[in-house]
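Bear in mind that the values in this text are calculations on the coordinates, not laboratory data. Keep in mind the model is a prediction, meaning the values are calculated, not measured. For neighbour counting, all protein chains shown are included, and Cβ atoms are generated from backbone atoms with ideal geometry for every residue, glycine included.
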Amino acid sequence: MNDNDFSYGDARGLPYRATSFWLSLAGEDVEDCARDERGVPRNPLLAQALPSPAEARVAPCELSDPLGEASHTIGNRTVRQYRSRVLVRATGECFLFCRHCYRRALLPSERTFISDKAMRDLTEILRAHEEVREVLISGGDPLTASDEQLRRLIDAVRAVPRRILIRLCTRAPVVQPRRVTNELVELLAASRPIHVILQINHPKELSETFLVRAESLAKAGIPLHSQSVLLRGINDEVSTLVELFSSLSINGIQPYYLFQGDLAQGTSHFRVPLSRGLELYSALRRELSGLELPRYAVDAPGGGGKVYLPEGIVERRGDLWILRAPDGSLHEYPEES
Ligand code: SF4
């Protein structure tokens, strides 16, 4: 295996991992929680965390690499899907393995932290491509690493003599708030410009503990954004989404994206039909202010980038939606699967 190789395993093999903090927020017994007819927990937090028999079903349209990252890989754990941005997968480790994760087939094979060599390669890539303005430090969850590991990765970006915006993509402040220590806040503040990109899917995730840590990041000059995923049975009601996005906004966290579910293997039970998603978004546009309203989008299946909804819809052909990606390519997205 050379440095740029990585392997997608069986998406059904995503281990179970959750924090006691998250389970306490759920407020329901894990062993005895109520489940629907597919075996999926009815509790919106437990549904994101507990494996269910529904994951065994892989729909024909589902992919092990739903965003086509393999074809955009330019270095070990380094992906370039857009001209101005590079994404690096720091680790496949997470505090909570979200059952709907689109990288669920990849995470188990990347649970170590990115190597020093891969970091040096990242610096070289950034030096060679002056047009790259942003680096997304993603994973897995990069905050499962130690401050020292994170510092080395940030230093690899900062070794390039131009201002590059870092986006740190993490659920840690929400699922393991104690990870946001004063030392971590200082490290991030010293690494600006840096934005923290969270994923918050339900109003119950906005705990007091999280909000205190979020405020410490904001006070240190670190903007916070949330990319929420539209999830069946979890947040696919207008009232839930209005509460989620208005609460994010009033707490200083920008509602950045509402993502239509990706075609990751074993996740069809989480996907909301696109027609329903469009109805919900239409209602949100009436209910929410401009500050509260995220962009509704879907990653083009198989690659091509983010498609804004409804703008990127070309037409509906029966049970298929035809989407135009930013690179002009056309992609099929199923109404239901
Ligand atoms: S924290 Fe992010 S990378 Fe980890 S399982 Fe959840 S969605 Fe996937």
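If you bin every alpha carbon distance in the chain into 20 Å steps from zero, what whole percent lands in each bin?
31, 62, 7
Quick one: 3J(HN,Hα) in Hz for region 165-182, Karplus 6.51/-1.76/1.60 with θ = phi - 60°, rounded, Gly and Pro as x.
Using θ = phi - 60°, the values come out as 7, 9, 10, 9, 9, 8, 9, 3, x, 8, 9, 8, x, 5, 5, 8, 7, 4 Hz.
In units of 2.2 N^0.38 Å, what is the alpha-carbon radius of gyration of region 157-275?
Working: Rg = 15.7 Å, N = 119, 2.2 N^0.38 = 13.5 Å.
After normalising by residue count via 2.2 N^0.38 Å, the value is 1.16.
Projected area of region 92-147, taken from the Cα convex hull and averaged over every viewing direction, in nm²? Intermediate values should be presented prior to the final figure.
Values: hull surface 19.3 nm².
If you wrap the Cα atoms of region 92-147 in a convex hull and average its projections, you get 4.8 nm².
Given +1 on the Cβ of Lys and Arg, -1 on the Cβ of Asp and Glu, and no further charges, what dipole in debye does region 66-131 carry about its Cα centre, rounded to the nearest 20?
So the dipole magnitude of region 66-131 works out to roughly 220 debye.
I want the antiparallel fraction of DSSP beta bridges within the chain, as a percent rounded to 5. Working shown, then result.
Details: 18 of 44 bridges.
Here the antiparallel bridges make up roughly 40 percent for the chain.
Beta carbons within 10 angstrom, averaged per residue: use that to sort the peptides 16-22, 126-132, highest first.
Working: 16-22: 16.1, 126-132: 13.4.
Going from most to least packed, we get 16-22, 126-132.
Amide H to amide H, which residues 5 or more places from GLY303 or on other chains are under 5 Å from it, using H placed in the peptide plane?
Amide H to amide H, under 5 Å and 5 or more residues apart or across chains, GLY303 pairs with GLY68.
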